[in-house]
Amino acid sequence: MNGLQISLYGLVIVYMISFFAFAVFVLEKITETQRLVSRRIDSVTDRKRQEELKKQKKKREKSKNRKNNLNEGIFATIGEAIFDELMAANILMKPEEFAIIWILMAFGPSFLALLLFPSNPFLPGVFAVAGVGGPILFVKKKQSDRARAFDNQLSDALLICCNCLRSGLTFSQAMENIADEMEDPIGTEFKRACNEMNYGANLDEVLNNMVERIDSADLMLTVAAVSVQRQTGGNLSQILEVISETIRERLKIKGEIKTLTGQGRASGMIIGMLPIVVAAFLMVLNPSYMMKLFEAKSAVYLVGGCVLSEMIGFICIFKIVNIKY
């Protein structure tokens with residue numbers, strides 16, 4: 001191969017490279033506008049996607065916040081209700097602590113009964129019902145006992161208040177004397193009321209809070225009389241003295257009624273609880289003997305009729321001995 005052929009081959013290669021570069025340049029120029037348009041479309045779509053993702057994220061956050069607020073509101077309402085009930089019963093316990101004890105009482109004994117007596121399915125149910133209802137009944141019993149003791153002390157507290165007002169003291173100072181001189185529960189409640197006034201609450205709010213804590217018709221009457229006297233004026237010591245005499249007479253009548261209806265109330269309790277206690281006793285000792293009662297098809301209707309009759313009889317006896325005055 002001579003030099004001329006080498007030069008021709010080199011020239012052909014240069015032309016081919018130049019043509020390829022020119023073709024690439026021309027194609028790039030031709031497709032540049034299309035590429036710019038596609039980039040802009042992609043950027044716009046990316047923005048839209050990002051905006052949609054942001055909107056979806058915001059919606060998820062809002063829904064999550066709503067659920068959290070709803071849950072917090074529900075738990076806060078339940079906690080406040082439990083706290084009010086504990087305060088009314090004067091049980092010095094946090095709502096969380098009471099809820100934990102309640103759950104343990106509901107599931108602990110029934111679980112142990114299920115482990116110890118696996119062949120008797122009735123016994124865990126009895127323990128579960130007792131564990132769920134036991135703390136509630138305990139709190140309600142404490143509230144009723146506290147309200148009854150408060151009613152018994154209210155007449156003496158009003159007499160102390162009358163003497164303080166006649167000696168020139170204010171009603172707030174009379175409340176402080178009642179808190180210092182009288183025992184629980186009325187001393188504790190008036191001390192709590194005085195603390196609320198020291199923290200900035202007015203007298204009407206303090207008395208209304210006391211009425212909410214103590215389920216007492218006599219206290220409600222006293223608070224209404226004090227509120228009316230503050231708005232219209234008058235001799236508060238004389239009003240409270242009349243209310244004290246009224247409360248004392250009501251307590252005397254209440255004691256007489258309780259004495260006269262004691263036999264009827266005892267009979268109602270015995271008649272109402274005896275079948276339940278006997279059935280539970282037999283179910284624990286001999287479950288197979290009691291389960292034969294439910295083998296017949298008509299047994300369910302008979303048991304239901306017996307339970308309904310027991311409830312009607314118990315309600316009738318309760319209505320007879322529960323005299324309103």
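Rule-based calculations on the coordinates, nothing more; no lab input. Here the structure is a predicted model, which is why all the values come from computation and not from measurement. For neighbour counting, all protein chains shown are included, and Cβ atoms are generated from backbone atoms with ideal geometry for every residue, glycine included.
When peptides 152-160, 227-235, 132-140 are sorted by average Cβ neighbour count within 10 Å, with the highest value leading, the order is 152-160, 132-140, 227-235. If the chain linking LEU159 and ILE270 were pulled fully straight, counting 0.36 nm for each residue of separation and taking away their Cα-Cα distance, it would gain 35.9 nm.
Placing a pseudo-label 7 Å from each Cα along the Cα-to-Cβ vector at ASP84 and SER288 gives an inter-label distance of 5.3 nm.
Computed from the Cβ-Cβ distance with R0 of 41 Å, the FRET efficiency linking LEU114 to ASN322 stands at 0.55. Note on SER227 and LYS258: the model spin-label points, each 7 Å out from Cα along the C-beta direction, lie 2.8 nm apart. Segment MET93..ASP204, full-extension length gain: 37.3 nm, with 0.36 nm per residue of separation and the alpha-carbon distance subtracted.
Highest mean packing comes first when the peptides 208-218, 268-278 are listed by Cβ atoms within 10 Å, giving 208-218, 268-278. Note: relative contact order over region 261-325, using C-alpha pairs below 8 Å and six or more positions apart, is 54 percent. Each label was represented as a point 7 Å from its Cα along the Cα-to-Cβ direction; for LYS141 and PHE107 these points are 2.6 nm apart. Could you work out how far the C-alpha centroid of region 298-324 sits from that of region 141-220, in angstrom? Between the Cα centre of region 298-324 and that of region 141-220, the gap is 41 Å.
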